[in-house]
Structures are given as C-alpha cells and as structure tokens.
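J.: Structure below; questions to follow.
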Amino acid sequence: MGCVGGSLFHAVRQGYKAPKGISSRLSDALVGLRTGGPKVGGQFAVWGFTFSSFDCLLSRMRGKEDPWNSIASGALTGVVLTARQGAAAMAVSGILGGVLLAGIEGVSILLMRFQAEAFK
C-alpha cells in the first residue's frame, strides 16, 4: 500500500515539477516513480511493524482486545519513530499518533453501530 501510493504520489509530483515538454515530464515522472515508491513503502513497513508490535504487546499485557490498544499503539509508535529527534518531537508525534488512531477507531465504532442498526 505504501509502495504503490508513494510511487504514484512521487510520479505525479516529479512530472508536475519537470520542465515543459511531454518527454521530459514522462522521464521525470518515471524517475519519481522509481525512487519515491520504495522509500515511502519502506517507511510504511516500519510504521506498520512498530504499530503491530505494540498492538500485540498491549493486547497480551492487558488481556483484552479493545480500541484503547490501537490508540496507545499509535501514540507509542509515534514516540518510538521520532526518538532520535528529541523529547519535544516525541511528545508531539505521540499525541498526533494517539489522536489519529482515536479518530480512526471512533469512525470504525460509528460505522459498526450504523451497520448494526441497518440490519435490525
């Protein structure tokens, strides 16, 4: 998912920034596709691995599977992935990770409730 999305994003971005002319735009788009995709894909893989590791660890430690595990995993992932940039960056990234996952979990819960009401 990260590799495909990153490839498309970087291809469009490089093609847009290229000098005028279809051949230069296409060649620059291909360069963006080739260089940007693997980079974003690798970053997405590291994020996914870290998030999943924390999610499984919290599920095991707490003994239950609930949205709080995902929210805490998002926050902890943000903290760990920005550890080299200092305490302030870790705090901001942890808060943003937790808020992002809380939003995702909230939308998921709302959608499940709407679907349950639709099948009554």
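J.: Please verify whether region 51-72 includes one or more residues that are touching a residue at least 24 places away in the same chain (Cβ under 8 Å), out of contact with any Cys (no Cβ under 8 Å at 6 or more places or on another chain) and basic (Lys, Arg).
T.: No; the residues of region 51-72 include none that is touching a residue at least 24 places away in the same chain (Cβ under 8 Å), out of contact with any Cys (no Cβ under 8 Å at 6 or more places or on another chain) and basic (Lys, Arg).
J.: Check region 78-87 and report whether any residue there is under 20 Å from Gly6 (Cα atoms) and surrounded by fewer than 14 Cβ atoms within 10 Å (Cβ to Cβ).
T.: no
J.: Restricted to region 38-68, and to residues that are among the aromatic types (Phe, Trp, Tyr) and exposed (fewer than 15 other Cβ atoms within 10 Å of the Cβ), which residue is farthest from Thr82 (Cα to Cα)?
T.: Taking the candidates together, the pick is Trp68.
J.: Does Leu96 satisfy being closer than 30 Å to Gly15 by Cβ, surrounded by 11 or more Cβ atoms within 10 Å (Cβ to Cβ) and not assigned by TED's automatic domain parsing to the domain that holds Gln14?
T.: No, not satisfied.
Residue-wise test of (1) out of contact with any helix residue (DSSP H, G or I) (no Cβ under 6 Å at 6 or more places or on another chain); (2) not in a helix (DSSP H, G or I).
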position: Leu8; (1), (2): yes, no
position: Val12; (1), (2): yes, no
position: Pro19; (1), (2): yes, yes
position: Ser24; (1), (2): yes, no
position: Val46; (1), (2): yes, no
position: Met61; (1), (2): yes, no
position: Ser93; (1), (2): no, no
position: Phe114; (1), (2): yes, no
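The values are calculated or read from the model by the stated rules, or taken from the named source; none is laboratory data. This is a predicted model, so every value here is computed, not measured. Glycine gets a Cβ as well: all are built from the backbone with ideal geometry, and neighbour counts include every protein chain shown.
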